[in-house]
Amino acid sequence: MSSIVLVLLPLSAPAYAEDPTLLPTPGTSQTPTAPPPAEDPAPAETPPAETPPAEEPPAEEPSGPESKVEAGLGVDGGTERAIVELTDPAANATVATQAATESVDVVLQPLSGSFMVVEGTAEELAKLAEDPRVSSIHRDRTYLPADVSANLSLIGADQAHAKSFTGAGQAVAVLDTGIDPDHPWFAGRIVAQACFSATEEAGVESLCPNGANKQTDGAAADATTAKCLAGTVNMCDHGSHVAGIAAGTGGVAPGASIVAVQVFSRINDEELCGEPSCLMAYESSLREALDYVATLNQPIAAVNLSLGGMLYESNCDGTEEGAVFKEKIDALLAKNIATVVAAGNEFFDGVSHPACVSSAVAVGANDNSDAVADFSNRGALLDLFAPGVDIESSVPDNATTVYSGTSMATPHVAGALALMKAATPDVPMTELIEKLKSTGRPYVYDSNGAQVTTPRLDLAAALAGAAQQPPITQAPTQPGPGDTSGPSPEPEDSSTPDPDPGTEPEPEPTSSTSPVPLPTVTVTVTVTHTAKPVAAVCTRGTAAKKLTAKKWAIELHRGSGSLSDATLTCYLKLIGKSSKVFPELTKASSLGKAYRVLKNTRTGKAKLDGALLTAWLNWAHGTNGTTSLTAGEKVRLSAKPSAAALKKATKNVLKSVK
């Protein structure tokens, strides 16, 4: 459970791999260094070191109004939900009126007026882009929750509490899946609630209690409503768990207030979710929520975002996606409010968006043995580590349960900043953040070929006057063959599509996964909490071995390969987070559909899709290098790529998988 992911764009709550030789298993030490490749049942190929293609395939660069429209938006037909950025907020109403006359459906006009959300075809969006008051149009991306005592003692929170540092007078804003408003852990300290929950797509439902896209009164972020339930399981428990860690009675800042904001929508699409329903947060909902927090009058120390989207190895300030969030994060920072973001759970040398924004506080996870959690993202972009393994906190129906992930680490830092700001309210937030970093216990480890030092949160040193603890050099070991100590995988999607017209039907695979029994959960009152199955965190593999499209097709054909369905489903979710083609243009989000993509070679676009998916699967399996993928995706996202450009791009991508 643990970080959330912004999605329709990139992900869903992580799928978890069960093969211990591929995905890291929590232990007392860890390292980003991968072990030797595991043996593969197919004949092994010795992969040459990947080098960038000698000549990147050309991509047709649009000119005129089309240049304002994000590449790939609506290129394969149908309508798209898109954000229209405006040069002048005052023009919002007139641009919306003009859009309506052009048959573009305006589905959201936020109060800020700096953007609107519409649905239209590629042609309709291109026509709208001709308006000089429109600066750009891009898809309304989505994010998901990043999957998810001794932790407080480890960071010295108990020592801070003993000196009466509780965060009283400050608040933490939790932008997540809502909150249980009458949970005893929150005892009258929820000072504001709001809900921003987009719905204007088939199969998408609002989680606002009033059923609308927006609610700012009453129990607007209530996580116990019927829409949060899938049978007897509450899908909205993530937000209560996060809020409890940050500012619950058993959390880091037990005296702080809580601003609870529901930013997720319910998605009823088994093909996309891997199960009948899941939760996703649209970019437009997140932007509205950040604007809402900026308008509040009560003292707020931090905004907690335990969610994430596309993976980045470097600062993302200069990207369109990053620039939008940086402006809002900077605006909050100017009000002395920090934005604390989960780094992600992909075992990746980098972080997920928006943790990649330079002014955000990016948080990775460590375990209670003072070792980096094996699922945690890491590297130079991280600001802090904090406990994120087996963290007990509040969940709906007055219960508590244990989850793991960078989603759990992030509220430790948000709560710590509430303590810091309450103790020294006149000190700028930037200085408080730097103090947490300078007093934290240094973790020293290798990332991307260089030695990196990232501090682990230590409130005893920052607030209670204790000396800084000595550095710890991280020298992890990956689980070896036969190690089955890791958590069991969450049951995944086993559906496959019907054969494409004109192709010979392929035998459909049968599921090789088995249901996981529900874990035992600690209940704080007299209510029994029905918890979701505990799942391993979804990360990239460590085999670092390249397979051909033919071999990946064998793996994806359930029961015929060496990799588990859970591992492969995890890989597809990671690809969806990092690729702009999958599943935005090509819906390869389930094993059956991914299999079909690899087998379909009828058109130039289909051949390029197969090559790209093969290369992305190799990346998810642990190989590095995405130069040819970036160039190939640029061609695939072009509105009208020529046959020659498609052929050349396919050839260059296939070079990287040999």
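Annotations
- For region 118-136, the criterion of being in contact with a Cys (Cβ under 9 Å, 6 or more places away or on another chain), at pLDDT below 90, of a type outside the set (S, T, N, Q) and surrounded by 22 or more Cβ atoms within 10 Å (Cβ to Cβ) is met by no residue.
- Some residue of region 337-350 being at pLDDT below 95 and of a type in the set (D, E, K, R): yes
- Check on L608, touching a Lys or Arg at 6+ places or on another chain (Cβ under 7 Å) and either at pLDDT below 90 or of a type in the set (A, V, I, L, M, F, W, C) (or both): yes
- Counted as qualifying within region 238-307 are the strands (runs of 3 or more DSSP E) with 2 or more residues that are closer than 29 Å to V427 by Cβ, of a type outside the set (S, T, Y) and open to solvent by less than 10 Å² (accessible area, probe 1.4 Å), namely 257-262, 300-305.
- Residue in region 561-573 that is closer than 11 Å to L613 by Cα and within 17 Å of the chain's Cα centre (by Cα) present: yes
- Annotation note: of E633, E584, the sole residue that is of a type in the set (D, E) and at pLDDT 85 or above is E633.
- Here D374 does not qualify as closer than 22 Å to N234 by Cβ, modelled with pLDDT under 95 and in contact with a Phe, Trp or Tyr (Cβ under 9 Å, 6 or more places away or on another chain).
- Scope region 402-439; condition assigned to a loop (DSSP other than H, G, I, E, B) and not polar (S, T, N, Q); matching residues: G405, P425, D426, V427, P428
- Within region 86-109, residues that are open to solvent by 70 Å² or more (accessible area, probe 1.4 Å) reach partners that are assigned to a strand (DSSP E or B) with beta carbons closer than 6 Å, at six or more positions or on different chains, in the pairs T87/S135; D105/E119; Q109/M116.
- Scanning region 340-380 for residues that are assigned to a strand (DSSP E or B), of a type in the set (G, A, S) and either more than 17 Å from M310 (Cα to Cα) or open to solvent by 10 Å² or more (accessible area, probe 1.4 Å) (or both) yields a total of 1.
- Residue in region 566-581 that is among the aromatic types (F, W, Y), open to solvent by 10 Å² or more (accessible area, probe 1.4 Å), outside any loop (DSSP other than H, G, I, E, B) and farther than 28 Å from K68 by Cβ present: no
- Residue in region 214-222 that is surrounded by fewer than 23 Cβ atoms within 10 Å (Cβ to Cβ), under 15 Å from E288 (Cβ atoms) and of a type in the set (D, E) present: no
- Among (1) at pLDDT below 95; (2) closer than 14 Å to I267 by Cα, the one test that S197 misses: (1)
- Hits in region 606-617 (condition: over 21 Å from the mean Cα position of the chain (by Cα) and crowded, with 22+ Cβ neighbours inside 10 Å): L608, D609, G610, A611, L612, T614, A615
- Test for T401: is it at pLDDT below 95 and in contact with a helix residue (DSSP H, G or I) (Cβ under 8 Å, 6 or more places away or on another chain): yes
The values are calculated or read from the model by the stated rules, or taken from the named source; none is laboratory data. Given the structure is predicted, the values throughout are model-derived calculations rather than measurements. FYI the Cβ positions are ideal-geometry reconstructions off the backbone, even for glycines, and counts take in every protein chain you see. Heads up: the accessible areas ignore ligands, DNA and RNA and are worked out on the full protein's heavy atoms, side chains in. Shrake-Rupley method; radii C 1.70, N 1.55, O 1.52, S 1.80 Å.
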